[in-house]
């Protein structure tokens, strides 16, 4: 049963002491978090060597007028060939996971077609791959001072430059970046 200890719909912010260098200064939107584990998308890393028009072309989607400025994000190291679209809840299909009243996740080609036609959600973030945790793994990493969590802010998710998302999210929490340490303290 879900309770207040689950963090789906939250942002995860990598702490300076993050051991896994793949997640250094990562901002992850946590799409799902249950007793069985967690799944999220890194929202501040662009996938190199693939743009939106090329992705549409690879999927045989008419891309005569692809939406300008649509980046492909490196969503995480798991299933890097699998695509996801984190988006505003003004668009939904039968397969859409409604995360909260403002945000949703869809993983079908149909949403890419809608975005290419300019008929998709008002805000969207396209990602290949995801970050995943097994049962209890994320909770352990949070206790080990690897992550902070924060309420999602659509401005940070969809409208902040990639290189600024981590600092903006930390500042939103009131964290003075100059005071952060890579060392964990335990009482």
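What to note about this one:
- Computed label-point distance, nm, for sites residue 49 and residue 153 using a 7 Å Cα→Cβ extension: 3.5 nm
- Normalised by the number of residues in segment 76-116, the average gap of Cα pairs under 8 Å and 6 or more apart makes the relative contact order 37 percent.
- Relative contact order computed over the chain (Cα-Cα under 8 Å; 6+ residues apart), in percent: 28 percent
- Applying 0.36 nm per residue to the separation of residue 168 and residue 21 and subtracting their alpha-carbon distance, the gain on full extension is 50.9 nm.
- Per residue of the chain, the DSSP helices (runs of n ≥ 4 H) give a summed -39500 (n - 2.57) that works out to -4000 deg cm²/dmol at 222 nm.
- Between residue 107 and residue 36, the distance separating the two model label sites (each 7 Å from Cα on the Cα→Cβ line) works out to 1.2 nm.
- Debye intensity ratio I(q)/I(0), log10, segment 1-140, q values 0.14, 0.16, 0.17 Å⁻¹ (C-alpha model): -0.65, -0.84, -0.93
- Pairs of Cα atoms farther than 14 Å apart, segment 1-59, %: 66 percent
No value in this document is a laboratory result; all are computed from the given coordinates. Computed from a predicted model, the values in this text were never measured in an experiment. All Cβ positions, even for glycine, are placed from backbone atoms using ideal geometry, and neighbour counts span all protein chains on display.
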